[in-house]
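Before any comments, here is the structure.
Derivation of every value follows stated rules applied to the coordinates shown; laboratory data play no part. The shown structure was predicted, so the numbers you read here are calculated from the model rather than taken from an experiment. Glycine gets a Cβ as well: all are built from the backbone with ideal geometry, and neighbour counts include every protein chain shown.
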């Protein structure tokens with residue numbers, strides 16, 4: 001388990017599960033940023049383009065560049081009908097392939113806990129953003145119990161199994177985010193929590209979509225004996241009671257941070 005890496009390689013399964021959650025939290029996040037229209041954005045760790053699409057819909061940028069290490073995710077992003085304005089390229093968050101002052105806004109949406117050296121990633125965002133520009137991120141509060149997959153993680157812990165965390169999970173704490181932004185020399189640093197909820201038509205649909213969309217939990221379940229899978233599923237079901245129509249509703253929470261690149 002400790003050697004397993006969390007990798008999102010399938011744009012469609014990501015879209016069905018995390019893409020939906022990303023847009024729900026991302027809409028609140030973008031409203032909080034209140035970025036003017038007509039600016040150039042870079043979406044670092046853009047994945048399948050779910051958040052990039054939201055930037056275009058809500059912020060009217062002149063240009064958006066999405067960077068991600070996954071060729072499969074980028075292929076899905078390029079096929080979105082609503083993102084013709086965006087350009088998607090493979091790249092490393094800790095070594096962005098752009099010159100200084102190339103953008104007005106740099107964003108990490110649900111990414112900072114995957115960056116091996118978060119401070120280096122933030123420094124790179126600050127490098128490619130113009131003085132006075134915005135650097136911002138939001139991430140699920142995994143350590144605080146706010147992750148979208150927390151119902152499954154709770155049951156795994158009850159079974160004596162430690163859920164797999166992203167490599168830089170500590171960076172998703174709201175205090176850690178504030179410290180990272182401040183230590184990077186960014187100004188007017190602010191943080192906030194974002195709480196959103198989602199309703200699934202049935203527990204079976206919740207189970208299928210969530211398990212399919214979770215590269216951190218799916219391998220663990222695949223390695224279980226059938227009886228343990230049944231016990232795991234039954235335990236999760238008990239933690240998520242359905243309403244009178246059989247629907248499952250629960251909330252998740254993200255931490256967000258923003259700051260500005262100092263003016264020269």
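When 1/r is averaged over all different Cα pairs and the result inverted, which Kirkwood radius in Å belongs to the stretch 185-264?
Averaging 1/r across every pair of different Cα atoms and inverting gives 15.7 Å.
Compare the peptides 161-172, 228-239 by average per-residue count of other Cβ atoms within 10 angstrom and give them in order, highest first.
Result, highest mean first: 161-172, 228-239.
Restricting to DSSP H runs of at least four residues, report the calculated mean residue ellipticity at 222 nm for the chain, -39500 (n - 2.57) per run over all residues, nearest 500 deg cm²/dmol. Before the final figure, lay out the partial values.
Numbers: 10 runs with 95 residues, N = 264.
Rounded to the nearest 500, the figure is -10500 deg cm²/dmol.
What nm distance separates the two modelled labels at residue 127 and residue 95, each placed 7 Å from Cα along Cα→Cβ?
A separation of 1.0 nm, rounded to one decimal place.
In nm, what is the difference between 0.36 nm times the number of residues separating residue 157 and residue 263 and their Cα-Cα distance?
Fully extending the segment from residue 157 to residue 263 adds 33.4 nm.
Roughly how many nanometres apart are two label points built 7 Å out from the Cα toward the Cβ at residue 209 and residue 238?
2.6 nm
For all pairs of alpha-carbon atoms in the stretch 177-219, what percent lies in each bin of width 5 Å, listed from the first bin to the last filled one?
Whole-percent P(r) values from 0 Å outward: 5, 17, 13, 11, 11, 10, 13, 12, 7, 1.
How would you rank 127-135, 42-50, highest first, on the average number of other Cβ atoms within 10 Å across their residues?
The packing order, highest mean first, is 42-50, 127-135.
What ratio of Cα Rg to 2.2 N^0.38 Å holds for the stretch 48-160? Show your work: numbers first, answer last.
Values: Rg = 16.0 Å, N = 113, 2.2 N^0.38 = 13.3 Å.
Rounded to two decimals, the normalised Rg is 1.20.
Just the Cα atoms of the stretch 149-207: what Rg and Dmax do they give in Å?
Every Cα atom of the stretch 149-207 included, Rg and Dmax give 16.6, 47 Å.
I'm checking a number: the convex hull volume of the Cα atoms of the stretch 72-222, normalised per residue, in Å³. What is it? Don't skip to the end; give the middle numbers.
Numbers: hull volume 22.5 nm³, N = 151.
About 149 Å³ per residue, rounded to a whole number.
Using just the C-alpha positions of the stretch 6-96 as equal point scatterers, what log10 of I(q)/I(0) does the Debye formula give at each q in 0.11, 0.13, 0.15, 0.19 1/Å?
At q = 0.11, 0.13, 0.15, 0.19 Å⁻¹ the computed log10 ratios are -0.27, -0.38, -0.51, -0.84.
Given bins 10 angstrom wide, list per bin the percent of all Cα-Cα distances in the stretch 56-110, short to long.
20, 57, 24, 0
Pulled fully out, how much extra length does the chain show between residue 58 and residue 170, if you take 0.36 nm times their separation in residues and subtract their Cα-Cα distance?
Result: 37.3 nm gained on full extension.
Could you give the length gained by full extension between residue 78 and residue 195, i.e. 0.36 nm per residue of separation minus their alpha carbon distance, to one decimal place?
39.2 nm
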